[in-house]
1. Just to be sure I understand: of the beta bridges DSSP finds with both ends in region 192-348, what percent are antiparallel, rounded to 5?
2. If you rank Glu113, Glu190 by how much accessible surface each has, with a 1.4 Å probe, what is the order from largest down?
3. What is the helix-to-structure angle for 185-203, meaning the angle in degrees between its Cα long axis and the longest Cα principal axis of the chain, kept from 0 to 90 and rounded to the nearest 10?
4. At 1.4 Å probe radius, can you tell me the per residue accessible area of the chain in Å²?
5. Which percent, nearest 5, of DSSP beta bridges in the chain are antiparallel?
6. What do you get for the angle between helix 234-243 and the principal long axis of the chain? Use alpha-carbon atoms, 0 to 90 degrees, nearest ten.
7. Could you tell me how many degrees, from 0 to 90 and to the nearest 10, lie between the Cα long axis of helix 92-110 and the main elongation axis, the longest principal axis, of the Cα atoms of the chain?
8. Divide, for region 133-243, the radius of gyration over alpha carbons by 2.2 N^0.38 Å, where N is the residue count.
Amino acid sequence: MYQIGQMKRENLRNNHRPRLALTLGDPAGIGTEVILKALADPEISKNCDLTVVGSQDLLRNYEKLNLAELSILNVPLPEHIQQEIVIGTGNAASGAASFAYMETAITRTLAGEFDGIVTGPIAKSAWKAAGYNYPGQTELLAELAGADRVGMLFVARSPHTGWTLRTLLVTTHIPLCQVSQVLTPELMTEKLELLVECLERDFGLKTARIAIAGLNPHSGELGQLGKEEQDWLIPWIELERKNRPNIKLEGPIPPDTMWVKPGQAWYGNAQIQTADAYLALYHDQGLIPVKLMAFDRAVNTSIGLPFIRTSPDHGTAFDIAGKGIADATSMKAAIQLAAELVQQRREA
């Protein structure tokens with residue numbers, strides 16, 4: 001199926017605007033609200049064609065929504081599932097719905113109907129309650145697309161300076177106590193290769209500068225505060241420098257100081273020398289600074305897939321679902337970035 005879809009995209013890539021599927025995510029959360037708010041902004045659909053993937057019957061519950069104005073790929077739900085969905089409460093029914101939206105969008109994208117997917121937020125606990133044991137949407141995307149290597153890249157453009165932050169996580173949703181066991185030179189090489197390929201293919205950066213974080217405080221301080229840097233991380237970086245002469249690798253940088261220059265570039269000095277991308281070794285090491293700087297506009301980008309996938313960097317926010325106060329900034333950024341990345345791939 002993938003090869004057929006790939007051929008269709010190749011034949012049509014210069015004949016249409018980027019076509020993006022927007023999945024509603026968990027219908028009990030804020031996904032529908034932020035998507036509808038984003039679509040209400042004419043600038044968002046200016047350079048791409050957008051199709052909402054979700055249940056038309058549920059969309060009818062939104063007041064002042066003219067379904068005729070939306071392009072909708074309807075995913076009908078069994079009546080008992082639909083009746084059990086409650087705004088503000090994630091459960092097995094809402095998990096089954098969000099999984100169905102995602103599965104439909106992936107299948108149709110692989111078939112060549114879309115160039116990329118922008119996903120609304122889902123609740124992992126709701127997926128599990130529905131019987132789907134995936135750590136998140138990225139793993140489902142990888143499985144259905146047949147992708148052996150995938151990564152979570154977070155991208156955000158500063159509203160203050162225009163500088164772009166790119167952060168890739170080496171490990172993602174695992175307990176902190178497992179990080180040092182999961183991190184290996186082989187995993188680091190896999191993620192670095194993904195990042196280098198992405199920077200070149202999707203961002204046009206052929207001679208990138210990449211900053212690599214240390215694992216321990218002060219990057220281990222010569223083995224006094226942890227031995228991973230001395231035992232294998234520093235030798236790995238030195239070997240990768242030899243293997244990738246066109247890429248400038250910096251590190252291991254102490255995790256508490258690696259984010260100083262990005263913070264300065266984000267808030268006031270875009271001319272300061274920064275890296276093109278930052279390689280964080282575990283979830284919070286990378287996402288605390290990302291969310292501190294760009295909570296309302298960061299975009300989660302899945303790299304390593306045969307198509308573009310982006311998502312807003314926030315969750316379902318069940319506590320404010322249905323209140324009409326959700327901020328659509330990150331969803332707008334996810335749509336705009338997806339369109340830009342599709343276009344960049346076409347021109348590469």
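1. Looking only at bridges with both residues in region 192-348, the antiparallel portion is about 30 percent.
2. Correct descending sequence by accessible area is Glu113, Glu190.
3. In the chain, helix 185-203 runs at an angle near 60 degrees to the longest axis.
4. Value for the chain: 45 Å² per residue.
5. Restricted to the chain, the bridges split so that about 40 percent are antiparallel.
6. Rounded to the nearest ten degrees, it is 80.
7. Compared with the principal axis, the helix lies near 80 degrees.
8. Here the answer is 1.20, to two decimals.
The values are calculated or read from the model by the stated rules, or taken from the named source; none is laboratory data. Here the structure is a predicted model, which means the values were calculated and not measured. Neighbour counts are summed over all protein chains in view; Cβ atoms, including those assigned to glycine, are modelled from backbone coordinates with ideal geometry. Calculation scope for accessible area: heavy atoms of the full protein, side chains included, ligands and nucleic acids excluded. Shrake-Rupley method; radii C 1.70, N 1.55, O 1.52, S 1.80 Å.
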